[in-house]
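I have placed the structure first, in the form of structure tokens, so that the comments after it can refer back to it.
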Ligand code: C2O
Ligand code: CU
């Protein structure tokens with residue numbers, strides 16, 4: 001059902017974004033209104049509240065070029081909601097499932113947050129899914145600062161495809177506040193020549209690197225121009241939220257540093273370029289250009305560098321001292337005990353069906369059913385393909401871990417595709433790669449390149465069943481999904 005208010009909301013998103021996105025000095029003003037909207041109202045001392053209304057809303061994002069598409073969003077009036085809160089605050093969420101398809105169940109997963117298992121939002125595994133017309137609740141205190149996000153966790157290929165994603169920012173990690181901040185959400189859209197959505201998944205795509213979109217965007221625009229103060233230190237929270245793409249992001253002729261990976265503060269790493277897969281985030285500190293000039297952010301992964309966004313400087317210069325990235329506060333993760341850690345081999349492979357489809361290049365449009373009951377299995381973890389695309393049939397866990405104990409996962413990719421491997425409710429500590437020199441960072445998603453082996457440490461957290469899957473959503477929904485059980 002489309003109301004006039006919904007249509008207006010779509011139009012409002014267009015005009016605000018078209019007028020430019022401003023990154024300004026004070027955070028809360030940075031995304032007021034329109035395409036990106038900061039939501040979450042103070043409810044009581046130390047508590048923020050959000051009410052979501054998951055529904056279809058026809059929207060004309062600037063990157064749609066005049067076309068209106070039936071997006072699914074969390075809220076009227078904004079395509080990408082941003083929930084901002086402070087470390088120590090509680091977030092109370094009420095969500096209504098008003099998705100327009102019969103049987104289209106939903107839960108909300110809080111990607112990267114180390115919250116209790118019963119708040120993790122995995123249908124059937126950690127909670128019963130919420131049916132259309134019904135309401136769900138979450139209440140938790142995020143234990144870490146950082147750039148996180150949230151999304152549904154069933155039929156995710158279609159949900160991401162229609163834009164049902166939002167950012168969750170937990171503040172409190174800055175030692176010295178930057179001069180401005182911008183939030184960038186990168187994602188492609190599957191739009192056909194007729195201006196309608198193309199299938200979000202095909203067999204050929206799912207059995208390879210994923211079904212590519214046809215229209216690129218950052219914050220719903222093609223290469224947006226973002227106004228920033230001149231010669232200033234600008235914090236950029238970059239979210240890679242495309243469900244299949246691999247990117248190498250970097251600035252042309254600018255000084256910048258990586259200050260956080262998946263939300264976690266790191267010793268600043270000078271930015272050349274940074275390789276990212278689906279669901280990965282990076283916080284950058286950029287020294288913006290002098291007045292009247294701009295700095296360009298590119299994706300260097302594609303043959304031709306692709307302009308992601310341009311940061312245009314305005315106003316008097318803010319800083320004269322040479323650029324030196326101030327680190328963020330580091331979260332106190334439990335120390336990995338490498339000496340005692342049990343090693344657990346985890347192999348990511350294709351199933352015989354997946355391998356033959358990828359080799360033959362068969363094309364067929366598969367509708368992912370509303371209950372996400374596809375039985376396509378193209379991928380496997382430790383030779384086990386997840387039974388069905390949803391979480392109804394639970395196989396045995398990939399591993400049983402003891403809360404508080406240390407483990408080293410030996411991740412081994414035997415396929416010719418990259419896989420961003422994600423774990424719920426925990427952070428990996430990257431230890432080594434067979435192909436690259438990787439910084440020792442904490443992350444919730446680690447990109448495994450073709451044929452690469454990566455070792456990650458993990459200290460088992462709260463008890464419960466925690467999903468462990470590839471975040472190329474078509475891989476996830478065709479078998480590359482499992483879980484660990486913490487006891
Ligand atoms: Cu964003 Cu199961 O993950
Ligand atoms: Cu994958």
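Before we move on, is residue 203 under 22 Å from residue 288 (Cβ atoms) and assigned by TED's automatic domain parsing to the domain that holds residue 281? For residue 203, the condition - under 22 Å from residue 288 (Cβ atoms) and assigned by TED's automatic domain parsing to the domain that holds residue 281 - is not met. If only residues of the range 269-281 that are buried (at least 24 other Cβ atoms within 10 Å of the Cβ) and assigned to a strand (DSSP E or B) are counted, the one that is farthest from ligand 1 (Cβ to nearest atom) is 276.
Per-residue answers, yes or no, for (1) on the phi > 0 side of the Ramachandran plot; (2) at pLDDT 95 or above; (3) in contact with a strand residue (DSSP E or B) (Cβ under 9 Å, 6 or more places away or on another chain); (4) assigned to a strand (DSSP E or B):
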| position | (1), (2), (3), (4) |
| --- | --- |
| 66 | yes, no, no, no |
| 94 | no, yes, yes, yes |
| 110 | no, yes, yes, yes |
| 113 | no, yes, yes, no |
| 138 | no, yes, yes, yes |
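Residue 103 satisfies every condition listed in (1) at pLDDT 95 or above; (2) more than 12 Å from ligand 1 (Cβ to nearest atom); (3) assigned to a loop (DSSP other than H, G, I, E, B) except (1). The residue of the range 438-487 that is farthest from ligand 2 (Cβ to nearest atom), among those that are over 24 Å from residue 123 (Cβ atoms) and either under 17 Å from the mean Cα position of the chain (by Cα) or modelled with pLDDT under 95 (or both), is 442.
Looking across the range 243-261 at every residue that is touching a strand residue (DSSP E or B) at 6+ places or on another chain (Cβ under 6 Å) and in a loop (DSSP other than H, G, I, E, B), the one that is nearest to residue 308 (Cα to Cα) is identified as 254. Counted as qualifying within the range 388-463 are the strands (runs of 3 or more DSSP E) with 2 or more residues that are within 25 Å of residue 209 (Cα to Cα), away from ligand 1 (no atom under 16 Å from the Cβ) and touching a residue at least 60 places away in the same chain (Cβ under 8 Å), namely 406-413. When the test is whether a residue is within 20 Å of residue 121 (Cβ to Cβ), more than 23 Å from the chain's Cα centre (by Cα) and not assigned by TED's automatic domain parsing to the domain that holds residue 128, residue 420 does not pass it. In the range 115-136, the residue that is farthest from the chain's Cα centre (by Cα) out of those that are in a strand (DSSP E or B) and within 14 Å of ligand 1 (Cβ to nearest atom) is 127.
Against the test of being surrounded by fewer than 19 Cβ atoms within 10 Å (Cβ to Cβ) and under 30 Å from residue 154 (Cα atoms), the options 238, 301 yield a single qualifying residue, 301. Condition (residue is touching a residue at least 24 places away in the same chain (Cβ under 8 Å), surrounded by fewer than 19 Cβ atoms within 10 Å (Cβ to Cβ) and over 22 Å from residue 146 (Cβ atoms)) applied to the range 78-93: is it met by at least one residue? No.
Taking residue 352, is it farther than 22 Å from residue 461 by Cβ, assigned by TED's automatic domain parsing to the domain that holds residue 450 and either modelled with pLDDT under 80 or loosely packed, with under 15 Cβ neighbours inside 10 Å (or both)? Yes: the conditions hold for residue 352.
Scanning the range 68-92 for residues that are within 16 Å of ligand 1 (Cβ to nearest atom), assigned to a strand (DSSP E or B) and farther than 21 Å from residue 46 by Cα yields one hit, 80.
The values are calculated or read from the model by the stated rules, or taken from the named source; none is laboratory data. These figures come from a predicted structure and were not determined experimentally. Note: ideal-geometry Cβ built from the backbone for every residue, glycine included; neighbour counts use all protein chains shown.
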